[in-house]
Amino acid sequence: MLYICTMITKPEILAPAGDMDKLKTALAYGADAVYAGIPKFSLRTRETAFSTESLQEAIEYVHKKDKKIYLTLNIFPHNLKVEAFLRELDTVVPMGPDALIMADPGMIALARDRHPAMPLHLSTQANTVNWAAAAFWRDLGLQRIILSRELRLDEIAEIHARVPGIELEAFVHGAICIAYSGRCLISNYLHFRDANQGTCTNSCRWEYRMAYERGSLLDIEGGQKAADALSAPAEGLVLHESERPGEAFPISEDMHGTYLMNSKDLCAIELIPELLRSGVCSLKIEGRTKSSYYTAVTTRAYRRALDAHLAGKLFDPEDLRELMRLSNRTYTTGFYTRNPRQYGENYEDGLSEGIGEAVAGRVLAYDPGSGLAELEVKNRFSQNETLTLITPEGNRDILPCRILDDKGRNLECAHGGGKNVRIPLTEDPGPFAFLRKKSI
Ligand code: SF4
């Protein structure tokens, strides 16, 4: 077997690249590497904005920046998809990605045979939770294992100690599944959309109410009705979801009419030293479907925290505060320090909310002659409202003072979803700057 070992020697920040813009943003904000989906064969088939053709451009862009790009082909293809999967494999390997992220053992074996020099990373969907499995994959020639998110730090450390010679990657930030990652059938059962084929509807986040099968909606907290519901035969109950009127999902066991499967989001920024000590060399941020703004803020926070640790400096709590300002379902450190049990879930709602600091807009261009920056407006802001300018280098507060429309007329406010506006800035903030509203 020909296996080229290109193991990394320095820990890396690995950021999501849902499309070309997010890829460039991630690199600008400090990612060492990005991961991007192959259309049809990764777990984000709905949203990925890369075509097979545009992947070539993405790979060239990343390599010009001397960074790395890993391509995800981590679905478990049924027989019908195997040939197409292999054709895709043969198409993308010559493009020169730094690794392929795969999960299916059969596809991995075929990939090894067809492209022996191509580094392979084992997807978290393969749920590696012990050293024996890690040794198995190493001996098969995989370069890296993306560990199961359900592992404790001491378990990771044992895998690292017992299985030298394989890189370990761990998720540090983002949404997590309520089931062992990728082993969930909720979306498939309720909506015929298979999580392992890339079409998950995130059904674990929905708001459920229980009703009799004949359709009368019940308030589960409403006294007698609730009691009736709980004593009704299980096969006679269905779930309704607030955003899907008219749809009824049969259930087979009692539930509490709430967000009963909604995991909190992972945030392990304060555990970076422990993760590195456990043998993790790649810190992965989840979120290919999230915005460029999310990519920017998360990547920069983890970059700063990792660099501070490597330089022997203390963790700066401001990096955590930056993550708190992002929309989130409240944070958890997952399984790294203990089993979170019920504290790992948010039963209150399925929304992803920050602490009132929404993105105001994105800087599209800057004209040094007039000193005006053109903005794509995301959320309403007014001319006398202090905003935070976010750049790869850091944050600073600004007061727009003037907001101009495309004809140069003064506006009191800029409105999200409306036309672009221009505001004065004292210097060019560069191509990847955002403006954020302050706490309200
Ligand atoms: S429904 Fe939720 S738990 Fe299941 S695969 Fe999708 S995101 Fe994961």
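How would you order 267-275, 288-296, 369-377 from highest to lowest mean count of nearby Cβ atoms within 10 Å?
My ranking of the peptides, most packed first, is 288-296, 267-275, 369-377.
Structure shown: which of LYS40/LYS290; LYS22/LYS67; LYS264/LYS419 lie over 25 Å apart, alpha-carbon to alpha-carbon?
Among LYS40/LYS290; LYS22/LYS67; LYS264/LYS419, the Cα-Cα distance tops 25 Å for LYS264/LYS419.
What order do you get for 393-401, 17-25, 135-143 when each peptide is scored by the mean count of other beta carbon atoms within 10 Å, highest first?
Taking the mean over residues of other Cβ atoms within 10 Å, the ranking is 17-25, 135-143, 393-401.
Highest first, please rank the peptides 195-201, 408-414, 146-152, 69-75 by the mean number of other Cβ atoms sitting within 10 Å of their residues.
Put in order of decreasing packing, that is 69-75, 146-152, 195-201, 408-414.
Quick one: divide the alpha-carbon radius of gyration of segment 359-437 by 2.2 N^0.38 Å and tell me what you get.
Segment 359-437 yields a ratio of 0.95.
Laboratory data are not the source of any read-out in this text; all were calculated from the coordinates shown. Predicted model, so just to flag it, every value in this text is computed and none were measured. Note that each Cβ is placed from the backbone with ideal geometry, even for glycine, and that neighbours are counted across all protein chains shown.
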